[in-house]
Amino acid sequence: MRTVVRWAVRHGLPAVYLQRGARDGDPLGRLLRDRTVSDEPYDLYERLRARGPLTPSSLGLVTTSHAVATEILRSENFGVGWDRSAAPGLIRWALRFGDELDATGVAEPPSMLVVDPPDHTRFRRLVSRAFTPRATAALEPAVQRIADALLDDLESTSGPVDLVEAYAAQLPVLVIADLLGVPLDRRADFLRWGAAAAATLDPGLPFRRYVSAERALRAMHAFLREHFARLRRDPGDDLVSRLVGLPDEEALSERELHAMVMLLLGAGFETTMNLLGNAVVLLDAHRDQWAALRADPSGWAGAVEEVLRHDSPVQLTGRSAKADVPVTGRTVRAGTRVTVLLGAANRDPEVFQEPARFDVGRANARDHLAFSGGIHYCLGAGLARLEGVVGLRALSERFPALRVSGRPVRRDLRTLRGFEHLPVVLR
Ligand code: HEM
């Protein structure tokens, strides 16, 4: 019963609006409800762009504009939270069910991703030290070692391989598990739990998928509870040990701790695996660019930026106006939700020349918004870039003749964009 209520409030209601919107031709409704559109959203983005930089949709406003997205993401007048006290009584009552600890996901408070200051500032300060440029650079040998070991395992294979399963998903999950001090032998579970957490980011998730996501999240919380208890008894030299051992004045509540570690784990691999898979498919389709990178591996950093821009692993996010705010000549009323289509902003012709062209040498590719902007700018952006460069360079050096050998299958997700299966031959 609680699951039904939680689903109805968080996903069922938005689903009704989106479904109705999709039927009436609303582009956002079609994007979020129609799998064939979300598999290939770029034409739809262009149709939306033609309507103007900030247009109405079945779920508030939507923007495809790089300038408007940047303005909204950086603005203090927009937040990620929404004011529960403004919701109708029935919804306020139902939302209390969302506070059940062992059902909480990465898209619900107190996940750092969806809380505003001052809580956001407090959470971010506690973890940002582990992701400074210096701390990230120090991880390079470990990332290289993990990539090499995974590629060693692939040496003996002769037939087609699912590159997502064998490499793109494994590399980031092993790196983040190591960083967080969670046991590597649970990685199959992390991947399963991470996929569930990723699905809950999508607005209007169907009931059956929500139920299976909640089941996986409960299993993850149960694991985390035991893991925290272990680290309290026997702390290691890792980020989670530090978080469970914080002095009283800084300590996170049990609920905050769960949300934080779940987010770090999930965000740590659910996105980077998409970056790696998207990169391999794009470079397979642009063989001359793969060859150029083989000849001059210093180009990999630029190539990773161009993949992030051209086929962004996180396609959308959202913000709500905290007050009446003027944006691009119109007033966005307090409480209005704005969907920010990062994947469309990254193809804005005002910023990127011939935006649909994939070009690893593009000079301003790094101006993309694939890591968002403002105070929620991706905490792990440096780590993701490192894993992208090391992971793709190592793959291209070991298997220069690698080719996609069958039809890659997209993940059935809307917020995140990547491949579920990517059949390749290595030689
Ligand atoms: C290609 C890989 C990645 C992409 C495209 C990506 C993208 C993003 C985006 C778009 C956001 C902000 C969403 C918003 O503004 O609403 C974000 C936030 C975040 N990312 Fe990443 N991410 C990636 C890898 C990582 C990695 C490796 C970590 C490592 C732990 C990570 C941790 C986080 C965290 C903790 C947040 C929340 C930050 C906050 O709310 O202050 N991400 N990421």
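Any residue in the stretch 262-278 that is free of Cβ contacts under 8 Å to residues at least 60 places away in the same chain, part of a helix (DSSP H, G or I) and closer than 21 Å to Ala130 by Cβ?
Looking only at the stretch 262-278, we keep the residues that are free of Cβ contacts under 8 Å to residues at least 60 places away in the same chain, and these are none.
Within the stretch 262-278 (the criterion being free of Cβ contacts under 8 Å to residues at least 60 places away in the same chain, part of a helix (DSSP H, G or I) and closer than 21 Å to Ala130 by Cβ), the answer is no, since none of the residues qualifies.
Would it be correct to say that Ser405 is in contact (Cβ under 8 Å) with a residue 12 or more places away in the chain, crowded, with 16+ Cβ neighbours inside 10 Å, farther than 30 Å from Tyr210 by Cβ and among the hydroxyl-bearing types (Ser, Thr, Tyr)? Please lay out each step first, then the result.
Working: in contact (Cβ under 8 Å) with a residue 12 or more places away in the chain: yes; crowded, with 16+ Cβ neighbours inside 10 Å: yes; farther than 30 Å from Tyr210 by Cβ: yes; among the hydroxyl-bearing types (Ser, Thr, Tyr): yes.
So Ser405 fits the description; yes.
Of the numbered conditions (1) in contact with a Lys or Arg (Cβ under 9 Å, 6 or more places away or on another chain); (2) over 21 Å from Val114 (Cα atoms); (3) of a type outside the set (Val, Ile, Thr), Phe190 satisfies every one except a single condition; which is it?
(1)
Given the stretch 116-186, what helices (runs of 4 or more DSSP H) lie entirely inside it while holding 1 or more residues that are at pLDDT below 95 and among the charged types (D, E, K, R)? Write out each step before concluding.
Details: elements: 119-128, 133-137, 140-154, 170-180.
Counting at least 1 such residues, we get 170-180.
Condition first: among the aliphatic types (A, V, I, L, M), away from the ligand (no atom under 16 Å from the Cβ) and either modelled with pLDDT of 65 or more or crowded, with 17+ Cβ neighbours inside 10 Å (or both). Now tell me which residues in the stretch 66-115 satisfy that.
First pass over the stretch 66-115, keeping only residues among the aliphatic types (A, V, I, L, M): 67-69, 72-73, 80, 86-87, 90-91, 94-95, 101, 103, 106-107, 112-115.
Narrowing further to those that are away from the ligand (no atom under 16 Å from the Cβ): 67, 86-87, 90-91, 94-95, 101, 103.
Of everything in the stretch 66-115, those that are among the aliphatic types (A, V, I, L, M), away from the ligand (no atom under 16 Å from the Cβ) and either modelled with pLDDT of 65 or more or crowded, with 17+ Cβ neighbours inside 10 Å (or both) turn out to be Ala67, Ala94, Ala103.
For Arg209, only one of the following conditions fails: (1) crowded, with 21+ Cβ neighbours inside 10 Å; (2) closer than 16 Å to Ala107 by Cα. What is its number?
Failed condition: (1).
Are any residues in the stretch 288-329 touching a residue at least 12 places away in the same chain (Cβ under 8 Å), of a type in the set (Asp, Glu) and surrounded by fewer than 22 Cβ atoms within 10 Å (Cβ to Cβ), and if so, which ones? Break it down into steps so the answer makes sense when it comes.
Within the stretch 288-329, the subset touching a residue at least 12 places away in the same chain (Cβ under 8 Å) is 289-290, 292-294, 297, 299-323, 325, 327-328.
So of that shortlist, the ones also of a type in the set (Asp, Glu) come out as 305-306, 311.
Result: Glu305, single match.
Pick out the one residue from Gly374, Gly380, Gly361 that is of a type outside the set (Ser, Thr, Tyr) and crowded, with 19+ Cβ neighbours inside 10 Å.
Details: Gly374 fails: crowded, with 19+ Cβ neighbours inside 10 Å; Gly361 fails: crowded, with 19+ Cβ neighbours inside 10 Å.
Selected residue: Gly380, the only one of Gly374, Gly380, Gly361 that is of a type outside the set (Ser, Thr, Tyr) and crowded, with 19+ Cβ neighbours inside 10 Å.
If I ask for residues that are among the charged types (D, E, K, R) and either in contact with a Ser or Thr (Cβ under 7 Å, 6 or more places away or on another chain) or more than 10 Å from the ligand (Cβ to nearest atom) (or both), which ones from the stretch 117-139 would you list?
The initial filter retains those residues of the stretch 117-139 that are among the charged types (D, E, K, R), namely 119, 122, 124-125, 129, 134.
Across the stretch 117-139, the qualifying residues are Asp119, Arg122, Arg125, Arg129, Arg134.
What tally of residues in the stretch 331-354 results from selecting those that are in contact (Cβ under 8 Å) with a residue 40 or more places away in the chain and outside any helix (DSSP H, G or I)? Full working, then the answer.
If we filter the stretch 331-354 for residues that are in contact (Cβ under 8 Å) with a residue 40 or more places away in the chain, which is where we start, we get 332, 335-348, 350-352.
When the remaining residues are screened for being outside any helix (DSSP H, G or I), the result is 332, 335-341, 346-348, 350-352.
Here the count works out to 14.
The values are calculated or read from the model by the stated rules, or taken from the named source; none is laboratory data. Not measured: the values here are computed from a predicted model. Here Cβ is always computed from backbone atoms with ideal geometry, including for glycine, and neighbour counts include all displayed protein chains.
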